[in-house]
Amino acid sequence: MEIQEAFNCMTERLHAQRAENERMSRSRQRMLLELSHDIRTPIATIKSFAFALQEKMVADVDLNRYYQTIALKADRVNQMAEDLFTMLKMESEDYVIELKRIDISELTRRVCAEHYEEITRAGFELAIEIPEHAAYVNGDEKLLERVIGNLLINAKKYNQTGKEIRVGMKVRGKEVYLWVKDDGIPIRADLRDMMFTAFVRGESTRSNRGGTGLGLAISKAVMEKHGGDLSYREESGNRFEMRIPILSFET
């Protein structure tokens, strides 16, 4: 009976692993198909504009606009490639992030300062409620900076009806909770389970502006690599909350 139960348990684990492998394979295939589709538009623009410049079909007054468009589209393609590379790294069990002692309070204030002008110029009020004291975590500074920046950019990009973005942080128990909240239209309930999946975009709920569709998926994967999480809840708008274990807290 023990041998039979052991074999049954092993069979169930093998079936579960096979199903997970198939799911991951379909996810990667969808990711590559979506990326190849998304990359065609900027490449087509670059090609057509370069041809027009080569054939001297562009008036002198329009030259700067053509060069700027080519540069912007090239940046777009480069961002897609970087996002895909980061996503694949995050999915790899062998990838180990570089951890060091970081004051996440100071890091958050710095990221908010870097985005402050861009957010206020877009017509939003940025309210920052970060404690003055240090809160140290074991983390990869560049990756955590990317997550916080991504949440701020999303709040600015997809909030079409509100006027405020709030950033807050609290320490509860042995964890730090850091959130970015906007007062825009809440994300549709039927999309909330999928929003952290690669290539699910916010504009399907709040606007029609494009992105790579990898931002939230990468952000959640980064937080999980840190032993934490990234979650969403509706709270008079939209609230995205990072959770990460704390090393020490100085009052």
Residue check for Leu126: in contact with a Ser or Thr (Cβ under 7 Å, 6 or more places away or on another chain) and among the hydrophobic types (A, V, I, L, M, F, W, C)
yes
Enumerate the strands (runs of 3 or more DSSP E) found wholly within segment 122-208, keeping only those where 2 or more residues are modelled with pLDDT of 85 or more, on the phi > 0 side of the Ramachandran plot and buried (at least 18 other Cβ atoms within 10 Å of the Cβ).
none
Determine, yes or no, whether Glu118 is at pLDDT 90 or above and within 26 Å of Arg172 (Cβ to Cβ).
no
Within segment 74-93, does at least one residue satisfy the condition of being within 20 Å of Arg239 (Cα to Cα), of a type in the set (Lys, Arg) and part of a helix (DSSP H, G or I)?
no
Any residue that is in the same structural domain as Leu214 (by TED's automatic domain parsing), in contact (Cβ under 8 Å) with a residue 60 or more places away in the chain and among the hydroxyl-bearing types (Ser, Thr, Tyr) - is there at least one of those in segment 127-137?
yes
Looking only at segment 69-91, decide whether some residue is surrounded by 11 or more Cβ atoms within 10 Å (Cβ to Cβ) and in contact with a strand residue (DSSP E or B) (Cβ under 7 Å, 6 or more places away or on another chain).
no
Can you pull out the residues in segment 219-238 that are among the hydroxyl-bearing types (Ser, Thr, Tyr) and buried (at least 22 other Cβ atoms within 10 Å of the Cβ)?
Ser219
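The values are calculated or read from the model by the stated rules, or taken from the named source; none is laboratory data. Just so we're clear, the structure is a prediction, and the values are computed from it rather than from any experiment. Positions of Cβ are generated from backbone atoms using ideal geometry, with glycine treated the same way; all protein chains shown enter the neighbour counts.
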